[in-house]
Amino acid sequence: MRSEDQKSKMAMEGVWEKRRSQLVCTVAVDSAAVGYLVIDSVVGGRSCGGLRMLPDIDEGEMRALARSMTLKYGFLGLPQGGAKAGVRGDPESSQGERWLRLKAFGSAIAPLLRSRAYIPGTDMGTNNADIRYMLGSVAVPVRRRELRDTDSGYYTALTVKAGAKRAAKHIGMPLSGCRVAIEGFGRVGSALAGLLAEANARVVAISTLKGAIFNSKGLDVTRLTDLAAKKGSRVVELYPEAERMDRAALLELPVDLLCPCARHNSLHTDNAARVKARIICPGANNPVTPEAEHMLFKQGVLCMPDFVTNCGGVLGGTMAFASVSKTRIAAFIERHIGARVEWLLNEAARQGVLPREIAIRIAQRRFEQVRRDAEHPTALARLFNFALELYRRGCIPGPLVASLSLPYFERSLA
């Protein structure tokens, strides 16, 4: 174990490699990998994606997550490249320990942070204060209107709900009364539980790192949310009126709707055949392996593309940055994402293919168009970018930008 004095002098170094079409930075201490940054795509010289802190992240996970970010931006028509970063560490450790790791990681990737070739956001295990600290530690200024949003999990949950509602309609099942299992009761899963309960769906199971609980009659979502806010992942140990079970068992419960909101690859070839849900609507990134998704498709399970149903964090966060109110963001997501999901499901059914196949084609085509437009900006686009920088610095009033931005977001999704 290093002493505190030694820890304070801990230095990380990054080794860059080209892996197919991705740029991968492995950050190491004493030759042991402790973090990764993957840049999957660049638009206008920039890429964006969350920075997470978890004890067991690896390169493969980061590469898949970075690719998902590109697909999300493409699906939404937003001019950003996709990236993802991760630092190995305990997100529940002291702030000093977490910030030590983030400072060292930031130092290793400082040139990309300073040039804004990589723009980090919050993710699992990090918050706005963490990202602000890391950027400040390498002298990267945070503009007045950057890193303000704290509702990313809620916005993600909104698109999961919108996807679940349209998927249920697609198979002739009302969302009201349907049985729901939610893997992961963090920022996304807990917000989703609340939204589904408001829609009169019956949340019968949830899980955290400490295990899972199940009650066929339904769980009290309000009590669960309050308990989770106080006790975190121990909520499943302290909620009494439920059966305890392994986390993996939740994925195989006889429910109508399964919402994976935890980590990647929860559903794979070893457990896909035992899935009994009629619909899988993810809040997590890459929770279903490609092989498992094909198995589920053959079993008649409607599996929604994750980068579609969990795009709300990106969309809602961007709209909140533009000073659009939380209420208007929710209404926008319900209307516009819901309509796109409905079209996607109908088109996939018409062609007899996975919804993901249609969604990827759309996302890739639109991303390439956005990238071409960024490479050859018009005079109007240059003026827009200049105004955007002024707004970041607080020089343009938020209400004005909010009123002008809604048509922009509608065109992006058109």
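The values are calculated or read from the model by the stated rules, or taken from the named source; none is laboratory data. In this text, all values refer to a predicted model and were calculated from it rather than measured experimentally. Cβ coordinates were reconstructed from backbone atoms using ideal geometry, including for glycine residues, and neighbour counts include every protein chain displayed.
Could you tell me whether segment 314-332 includes any residue that is over 28 Å from GLU198 (Cβ atoms) and either basic (Lys, Arg) or in contact (Cβ under 8 Å) with a residue 24 or more places away in the chain (or both)? Give the derivation first.
Within segment 314-332, the subset over 28 Å from GLU198 (Cβ atoms) is none.
No, there is no match, as no residue in segment 314-332 is over 28 Å from GLU198 (Cβ atoms) and either basic (Lys, Arg) or in contact (Cβ under 8 Å) with a residue 24 or more places away in the chain (or both).
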Inset, instruction - Quick one: GLY186 ticks every box in (1) out of contact with any helix residue (DSSP H, G or I) (no Cβ under 6 Å at 6 or more places or on another chain); (2) surrounded by 24 or more Cβ atoms within 10 Å (Cβ to Cβ) except a single one, so which number is it? - result: (2)
Inset, instruction - Please state which of the following conditions ARG274 fails to meet, knowing it meets all the rest: (1) over 17 Å from LEU196 (Cα atoms); (2) free of Cβ contacts under 8 Å to residues at least 12 places away in the same chain. - result: (2)
Legend entry - Residue in segment 334-342 that is surrounded by 15 or more Cβ atoms within 10 Å (Cβ to Cβ), in contact with a helix residue (DSSP H, G or I) (Cβ under 9 Å, 6 or more places away or on another chain) and not in a helix (DSSP H, G or I) present: no
Legend entry - Enumeration of residues in segment 126-167 that are aliphatic (A, V, I, L, M), out of contact with any helix residue (DSSP H, G or I) (no Cβ under 7 Å at 6 or more places or on another chain) and on the phi < 0 side of the Ramachandran plot: ALA129, ILE131, ALA164
Inset, instruction - Could you please find all residues in segment 337-357 being farther than 21 Å from LYS161 by Cβ and free of Cβ contacts under 8 Å to residues at least 40 places away in the same chain? - result: GLU347, ARG350, GLN351, GLY352, VAL353, GLU357
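For the condition in the same structural domain as ASP306 (by TED's automatic domain parsing), in contact (Cβ under 8 Å) with a residue 24 or more places away in the chain and outside any loop (DSSP other than H, G, I, E, B), what is the one hit in ALA157, ALA85? Walk me through it before giving the result.
Working: ALA85 fails: in the same structural domain as ASP306 (by TED's automatic domain parsing).
The unique qualifying residue is ALA157.
Just name the residue that is modelled with the lowest pLDDT out of those in segment 82-93 that are farther than 17 Å from ILE109 by Cα and either buried (at least 24 other Cβ atoms within 10 Å of the Cβ) or touching a helix residue (DSSP H, G or I) at 6+ places or on another chain (Cβ under 8 Å) (or both).
If we filter segment 82-93 for residues that are farther than 17 Å from ILE109 by Cα, which is where we start, we get 89-93.
From what is left, the residues that are either buried (at least 24 other Cβ atoms within 10 Å of the Cβ) or touching a helix residue (DSSP H, G or I) at 6+ places or on another chain (Cβ under 8 Å) (or both) are 89-92.
Values: GLY89: 92, ASP90: 91, PRO91: 87, GLU92: 82.
In this case the residue turns out to be GLU92.
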Legend entry - Pick from segment 12-32, criterion assigned to a loop (DSSP other than H, G, I, E, B) and modelled with pLDDT under 70, ranking: nearest to ILE109 (Cα to Cα): MET12
Legend entry - For PRO120: the one exception among (1) modelled with pLDDT of 95 or more; (2) surrounded by fewer than 23 Cβ atoms within 10 Å (Cβ to Cβ): (2)
Inset, instruction - Sort out which residues of segment 177-192 are at pLDDT 95 or above and on the phi < 0 side of the Ramachandran plot, and write them in order of number. - result: CYS178, ARG179, VAL180, ALA181, ILE182, GLU183, PHE185, VAL188, GLY189, SER190, ALA191, LEU192
